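S.K.: Dropping a structure here in structure tokens format, bear with me for questions.
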Amino acid sequence: MQGTATVCDDPDELLRLATAIGGRYTGADRAEEFGRRNAVPGELVVRIRPTRIVSDFDVTG
């Protein structure tokens, strides 16, 4: 993938996204725990607006 990246270190946005991701992968009951553990100073959110994507199917197959 190629694209334009933006970086965010806003604590509220980090907490919101880390909690949402935590809910998806660890379950709703642990989402807040995951969010608080991962939305700490030094962590960042990087968003990429793709300009080019190259993909392939059945790579292992």
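The values are calculated or read from the model by the stated rules, or taken from the named source; none is laboratory data. Since the model is a prediction, treat every value here as computed from it, not as a measurement. FYI the Cβ positions are ideal-geometry reconstructions off the backbone, even for glycines, and counts take in every protein chain you see.
S.K.: Against the condition in contact with a Ser or Thr (Cβ under 6 Å, 6 or more places away or on another chain) and either under 28 Å from Gly3 (Cα atoms) or assigned to a strand (DSSP E or B) (or both), how does Arg24 come out, does it pass?
M.R.: When the stated conditions are applied, Arg24 does not pass them.
S.K.: While we're on this one: Out of (1) loosely packed, with under 12 Cβ neighbours inside 10 Å; (2) at negative phi, the odd one out for Ala18 is which?
M.R.: Only one criterion in (1) loosely packed, with under 12 Cβ neighbours inside 10 Å; (2) at negative phi is unmet by Ala18, namely (1).
S.K.: Please tell me if Ile53 is within 14 Å of the chain's Cα centre (by Cα) and hydrophobic (A, V, I, L, M, F, W, C). Let's see the steps before the verdict.
M.R.: Details: within 14 Å of the chain's Cα centre (by Cα): no; hydrophobic (A, V, I, L, M, F, W, C): yes.
So Ile53 fails the test.
S.K.: Here's another thing I want to ask about it. Between a residue in the stretch 2-13 that is more than 17 Å from Arg37 (Cβ to Cβ) and assigned to a strand (DSSP E or B) and any residue that is modelled with pLDDT of 95 or more and polar (S, T, N, Q), which pairs come within a Cβ distance under 9 Å, given they are 6 or more apart or on different chains?
M.R.: Hits for this filter: Gln2/Thr51; Gly3/Thr51; Thr4/Thr51.
S.K.: Residues being surrounded by 10 or more Cβ atoms within 10 Å (Cβ to Cβ) and either modelled with pLDDT under 95 or of a type outside the set (A, V, I, L, M, F, W, C) (or both): count how many of those fall in the stretch 46-61.
M.R.: Residues of the stretch 46-61 that are surrounded by 10 or more Cβ atoms within 10 Å (Cβ to Cβ), as a first pass: 47-48.
Those still in the list that are either modelled with pLDDT under 95 or of a type outside the set (A, V, I, L, M, F, W, C) (or both) too: 47.
Going through the stretch 46-61 one residue at a time, the tally reaches 1.
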